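The values are calculated or read from the model by the stated rules, or taken from the named source; none is laboratory data. Since the structure is predicted, the reported quantities are computational estimates derived from the model, not experimental observations. Cβ: placed from backbone, ideal geometry, glycine included. Neighbour counts: every protein chain shown.
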Amino acid sequence: MSRRLAREVALRTLFQLDTGHIAESDAFAFALETTPLSESLIPFAQDLVQTALSHQAESDALISAKSVDWELSRLPRVDRSILRLAIGEMLAETATPTGVIINEAVELAHRYSTEESGRFINGLLGSVARDK
């Protein structure tokens, strides 16, 4: 199992939390049902969710500042969740290289959103990384 699958679980959790009235633990459990992880990757996925949530206000401010002519509320929820996941990880200064974080976010966008979203996410995260 790869860390990419753990990021998918984290993304699905964050998306559910952004979409509706669901407890974090229930959202995470549901995400694990649809994308099973090995026991060794579950803590990584949980950490990604916690990191994104703890940095959400700062991430949202960066997204708003970098999104020319786009309000945060107008972004597709999946794109917003991908950006929060990636920016949270970047702000936490994890051992994961910034380029890997950006690449993983773009891959998630290609899988769960649109080709245009992948380019948008790549550009926005690149700008965040340069200013970091």
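Phe15 - would you say it is free of Cβ contacts under 8 Å to residues at least 24 places away in the same chain and in contact with a helix residue (DSSP H, G or I) (Cβ under 7 Å, 6 or more places away or on another chain)? Spell out the reasoning first.
Numbers: free of Cβ contacts under 8 Å to residues at least 24 places away in the same chain: no; in contact with a helix residue (DSSP H, G or I) (Cβ under 7 Å, 6 or more places away or on another chain): yes.
No; evaluated as a whole, the condition is false for this residue.
Here are the criteria: (1) surrounded by fewer than 20 Cβ atoms within 10 Å (Cβ to Cβ); (2) farther than 14 Å from Arg7 by Cα. Tell me which single one Thr34 does not satisfy.
(2)
Does the stretch 13-33 include one or more residues that are assigned to a helix (DSSP H, G or I), farther than 21 Å from Asn122 by Cβ and under 11 Å from the mean Cα position of the chain (by Cα)?
Yes, the stretch 13-33 contains at least one residue that is assigned to a helix (DSSP H, G or I), farther than 21 Å from Asn122 by Cβ and under 11 Å from the mean Cα position of the chain (by Cα).
For Gly99, indicate whether it is part of a helix (DSSP H, G or I) and in contact with a His (Cβ under 6 Å, 6 or more places away or on another chain).
Numbers: part of a helix (DSSP H, G or I): yes; in contact with a His (Cβ under 6 Å, 6 or more places away or on another chain): no.
So Gly99 fails the test.
Out of (1) within 19 Å of Arg7 (Cα to Cα); (2) assigned to a helix (DSSP H, G or I); (3) under 16 Å from the mean Cα position of the chain (by Cα), what's the single condition that is false for Ile63?
(1)
Quick test of your reading of the structure: Pro43 fulfils all but one of (1) surrounded by 14 or more Cβ atoms within 10 Å (Cβ to Cβ); (2) at pLDDT 90 or above. Name the failing condition by number.
(1)
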